[in-house]
1. In the range 279-373, which strands (runs of 3 or more DSSP E) lie fully inside it and hold 2 or more residues that are within 21 Å of residue 242 (Cα to Cα)?
2. In the range 128-158, how many residues are within 10 Å of residue 86 (Cβ to Cβ) and either touching a Cys at 6+ places or on another chain (Cβ under 8 Å) or aliphatic (A, V, I, L, M) (or both)?
3. Counting only residues that are touching a residue at least 40 places away in the same chain (Cβ under 8 Å) and in a helix (DSSP H, G or I), which one in the range 23-43 is surrounded by the most Cβ atoms within 10 Å (Cβ to Cβ)?
4. Please count how many residues of the range 192-232 are in a loop (DSSP other than H, G, I, E, B), surrounded by fewer than 21 Cβ atoms within 10 Å (Cβ to Cβ) and among the polar types (S, T, N, Q).
5. Which of the residues that make up the range 317-328 are touching a helix residue (DSSP H, G or I) at 6+ places or on another chain (Cβ under 6 Å) and within 14 Å of residue 256 (Cβ to Cβ)?
6. Just checking, does the range 58-70 include any residue being in contact with a Lys or Arg (Cβ under 9 Å, 6 or more places away or on another chain), at pLDDT 95 or above and exposed (fewer than 15 other Cβ atoms within 10 Å of the Cβ)?
7. Report, ordered by the first and then the second residue, all pairs with beta carbons closer than 9 Å, sequence separation of six or more or different chains, a first member in the range 338-354 that is among the acidic types (Asp, Glu), and a second member that is part of a loop (DSSP other than H, G, I, E, B) and at pLDDT 95 or above.
8. Go through the range 414-467 and give me each residue that's closer than 30 Å to residue 357 by Cβ and not in a helix (DSSP H, G or I).
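The values are calculated or read from the model by the stated rules, or taken from the named source; none is laboratory data. As the structure is a prediction and not an experimental result, all values here were calculated from the model. Note: ideal-geometry Cβ built from the backbone for every residue, glycine included; neighbour counts use all protein chains shown.
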Amino acid sequence: MTSIKVQALSGGTKTLDEDALSNFRSQLRGDLLLPEDADYDEVRAIWNAMIDRRPALIVRCAGAADVRQAVGFAKLHQLLVSVRGGGHNIAGKSLHDGALLIDLSTLRSVRVDPDARTVTVEPGATLGDLDHETQAFGQAVPVGINSTTGVAGLTLGGGFGWLSRKHGLTIDNLVAAEVVTAEGEWLRCDREQHPDLFWAIRGGGGNFGIVTSFKFRTHPVGPEVYSGPIIFPFDKAAETLRKYRQLASDCPEELSVWAVLRDAPPFPFIPEAAHGQKVLILAALYNGPTSDGERAMAPLRAFGKPLGDGIGPHPFAGFQQAFDPLLTPGARNYWKSHNFTELSDGLIDQLVHYAAKLPSPQSEIFIAQMGGATNRVASDATAYPHRDAEFVMNVHTRWEKPDQDETCIGWAREFYEATQPFATGGVYVNFLSEGEDERIEGAYGANHARLTQVKKEYDPDNLFRVNQNITPA
């Protein structure tokens, strides 16, 4: 082992000699990786292939004690730190060139208490890990829609998915958390213990410490739910979206319907001739008895003649993985996002106009239906403030080759500007791409000032800055 240069908090570099590295390694139960190690490149890889950064050191934590040791080492040597959970963040905030990476991805334990209806989750667990364990007891937590997403990053930003209209955001179901602070101190926070910290981590991202355990409330769900996509021809997209708008305003909270404009995937229930053609997909899930779900979704089938209908009874865990093939790791990705209180005619016209000129076969525009329980929480009750959003739009621009970067990113930015007049000005922090730091205050709205105060209390030196950063007051 030789000496190594690591980025310092001050902006320069620090040289760590062999003795310092050997001593640090001896204090860990997990592994300490350097760039010359054989599995270094595999470990540093993350979901978005646009992000290619090389940490100077990687600590593969085996438990909370390793997290504390890593934070203490970074503090002692004043090193720049990044933190990785599932590695799914679109902006690649888990990596920084030359920094010390605290890697939590091997901490994937999920422990269900079916009688208490709670589940305790480590920060490296994915949504698929969580669903696998909770569904064994017919329970679930409201999380996202891609099973490879990390629970930690999703939760710290807010978290929403198919169950949120009925049961709220992921953070609305967080009961308690265990956090390692910038001082290396271990804290348990909930509504009674360190309530300000508990408030801040529910939407404020990884700014306040490293969460080593999440405890969630679970809900009876499935294991079979009435769900699936129904596919409509693109030439009827504007008309169908207007019908969808009316359905969204009237439907029960048990029903969530999301709209997706994209090229048709090779779903088996779509005629082969339609594969690759532009379509409108309405993906739906009913969180209740399947017979009730069939009745609730009948209006969808009355919208017009579909190209394909995949709605029916499906395992909940399976539906949570249904769109994974469209979001596999290894592609280049760039997102732009808005919140809306309504789908106005003007907005629908812009959605259809830009969907007609998607820049790549894998790109899509999706509209997530919110409302219901997500909007019954006060905007200042958690760090996540967007309790007025009825719809969240995310533009998944996705392609394979670097020579497509300019075209794809340019299209996404142009579309973002065209739809901005219809938006609230707020944005879901987990949907911010690289280079959108100017939108961080908009992500927190009126809660930003309080967040800077909590940051000052728990991380006054801004050790945890490689994120959608909230600077100390």
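1. In the range 279-373, the matching strands (runs of 3 or more DSSP E) lie at 332-340, 364-369.
2. Residues that pass the stated criteria total 3.
3. Here the residue is 24.
4. Count: 1.
5. Listed by number, the list holds a single entry, 320.
6. The answer is yes; a qualifying residue exists.
7. 342/390
8. 423, 424, 425, 426, 427, 428, 432, 433, 434, 435, 436
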